[in-house]
Amino acid sequence: MKKLALILFASVALAACAPTNATNGTFLTTDDVATLRPGESSRSDVLQSLGTPTTTAVFDDNTWYYIGQKTTKKAFLDAKVTDRKVYEAKFDEEGTLISLNEVNNEAIDVPLVRRTTPTSGHDLTAAQQLLGNLGRFNKGSKPGSAAMDN
């Protein structure tokens, strides 16, 4: 019985360490892109074939981006990006597809900064904030009135 419990515990522990794969965004394949023809396909054709774009260019609504990535996570470790694809679709003013290309620029990992912005004011403890207004109310004013006597 102890041997069976040990085998069961070991199999559950090993299953918990199995890698977890995830796909984020719109991960396109070459087959998805092959159905569209620059100069012939319209915006609606691109929407039907590829779906809604992940984002559009900031200053140009005629440029769409499809961004997708695959990640693998093992147990409690951080997820690692295993594959990333970015496609750029450009349209002319009439809404006809001009180009659809994969962008091969290497992504930049931007580190997070944990600093805080200094603010002017007093550093009060929670007790000072809770008890700080005791005795500061106007006795002559009614609740809800905006009378302020200094």
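One residue stands out among those in region 59-80 that are surrounded by 12 or more Cβ atoms within 10 Å (Cβ to Cβ) and of a type in the set (A, V, I, L, M): the one that is nearest to Asn105 (Cα to Cα), which is Ile67.
Whether any residue in region 48-58 is hydrophobic (A, V, I, L, M, F, W, C), at negative phi, surrounded by 15 or more Cβ atoms within 10 Å (Cβ to Cβ) and modelled with pLDDT under 90 is what I want to check. Scanning region 48-58, I find no residue that is hydrophobic (A, V, I, L, M, F, W, C), at negative phi, surrounded by 15 or more Cβ atoms within 10 Å (Cβ to Cβ) and modelled with pLDDT under 90, so the answer is no.
Residues considered: Ser99, Ser141. Of these, the only one that is out of contact with any Cys (no Cβ under 9 Å at 6 or more places or on another chain), at pLDDT 80 or above, surrounded by 10 or more Cβ atoms within 10 Å (Cβ to Cβ) and not acidic (Asp, Glu) is Ser99. Considering region 18-41, the residues that are more than 16 Å from Tyr87 (Cα to Cα) and exposed (fewer than 10 other Cβ atoms within 10 Å of the Cβ) include one that is modelled with the lowest pLDDT, namely Ala18.
The values are calculated or read from the model by the stated rules, or taken from the named source; none is laboratory data. These figures come from a predicted structure and were not determined experimentally. Every residue, glycine as well, gets a Cβ built from its backbone with ideal geometry; the counts of neighbours run over all protein chains shown.
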